[in-house]
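Here's the structure, in structure tokens; my notes come after.
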Amino acid sequence: MPARSAIGLDLGTSGVRAAEVSYGREGITLEKFGQVALPDGAVRDGEVVDREAVVTQLKALWKGSGFTGKKVALGVANQRVIVRQIDLPWMPLAELKAALPLQVQDYLPMPVEECVIDFHPTEEIHDGDQRRLRGLLVAASRDMVLNNVAAVEAAGLRVTSVDLTSFAVLRSVGKPHGDVATEALLDIGARVSNLVIHSAGQPRFVRVLLSGGQDVTDAIAERLGLPAQIAEAVKRGGTEELTQSELGMVQSAVDLMLEVFVDDIRSSLDYYAASNAGFPIERIVISGGGSLMAGVCERLEAATRKKVVWANPIEGLHLGRTGLDEQQLSTVQPLAAVPVGLALGVIS
């Protein structure tokens, strides 16, 4: 029986975000959304480094946002998470999950006993008399997962599930869109971005990228000698106070970092296309704080020759007493994909 309500918690590099959703007769309702900033370095590439700072901000988030419970679904995504498409001998799913440690060791760069592992079947393959399951193997460092869980629970919360943030993005924004059969979802974070390609909600390719909007902010701050907060505003198009010379340096920094980031995305899409000719990508859907970077949509369209649109993870949800006005909801929209998707994984 699915839960009636759930809270998804996203530990990002620059901030912590949480969303509470509920399920009722009228459908799914967004009850609460909250976020707080994190000190620089408290979470590094998706892994908690400064536990005390994270605990302090989590307590502030719960105190200020009015969440009704303390059970949370936690997302993970960093360089210590591996996602690979593999084929395994067919067997009932319960048996497969039990046998997984013996089946997947050769696919992992670390001992299986040091990992938390899962397998998400995507299709059944028949090759003569042989029957196989094709799917995504997900493996995460056990130490990393336990470290992040311990930080959250030190704030008085209880982690009831740990989920890959890419799957959370798929749940929240990977909805059927008319005649679009296959699309790439790109959630651009500060230092970690999630790319997931799906067909009608079925994941076919996942990649965690250790790059994002903060790289552009850092480049602007370094070129102009600006504080990070001002550099962030400049990155999003706030250039009214800059001289022509400064504008040129900003554009140069943005161009360089966006070129590197977009090339990384294009390489990932090319890699996918080489082995999935039957499911060509028809468009790219972007979300996350980094999707607000000036020019990122146009750059992606030019580099990939695919239509690029912004996601709306709140679309289709009823709105409860969120405490957010229309303008605030608009601001929240690109940031909500991960926490909303984590919560949806509990109630669905």
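Summary of values
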| quantity | calculated |
| --- | --- |
| Whole-angstrom gap from segment 309-336 to segment 168-231, using each part's C-alpha centre | 18 |
| Antiparallel content of DSSP bridges confined to the chain, in %, to 5 | 75 |
| Reciprocal of mean inverse Cα separation for segment 214-348 (Kirkwood radius, Å) | 17.1 |
| Equivalent ellipsoid, segment 1-99 (semi-axes from 5 times Cα gyration tensor eigenvalues, Å) | 30, 23, 10 |
| Spin-label model distance (nm) - residue 255 vs residue 302, 7 Å beyond Cα toward Cβ | 0.9 |
| Cα centroid of segment 51-116 to Cα centroid of segment 27-41, whole Å | 20 |
| Taking the convex hull of Cα positions in segment 117-183, its mean projected area over all directions (nm²) | 7.2 |
| Relative contact order of segment 126-204, defined on C-alpha pairs under 8 angstrom at six or more residues apart (%) | 22 |
| Ellipticity estimate at 222 nm from DSSP helix runs (n ≥ 4, -39,500 (n - 2.57)) divided over the chain, nearest 500 | -11500 deg cm²/dmol |
| Whole-Hz couplings from phi, Karplus 6.51/-1.76/1.60, listed for segment 52-57; x for Gly and Pro | 4, 5, 5, 4, 4, 6 |
| Burial ordering of 297, 115, fewest other beta-carbon atoms within 10 Å first | 297, 115 |
| Segment 217-348, dipole about Cα centre (Lys/Arg Cβ +1, Asp/Glu Cβ -1), debye to the nearest 20 | 440 |
| Rg followed by Dmax, in Å, when the chain is reduced to its Cα trace | 20.4, 70 |
| Ratio Rg/Rh [Cα only; Rh per Kirkwood] for segment 33-72 | 0.99 |
| At 0.890 mPa s and 25 °C, Stokes D of segment 75-231 from Kirkwood alpha-carbon radius, µm² per second | 137 |
| For segment 44-126, convex hull of alpha carbons as volume per residue, Å³ | 158 |
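Read the figures in this text as sums done on the coordinates, not as results from a lab. All of these numbers come straight from a predicted model, not from anything done at the bench. Neighbour counts run over all protein chains shown; Cβ positions are idealised from the backbone, glycine included.
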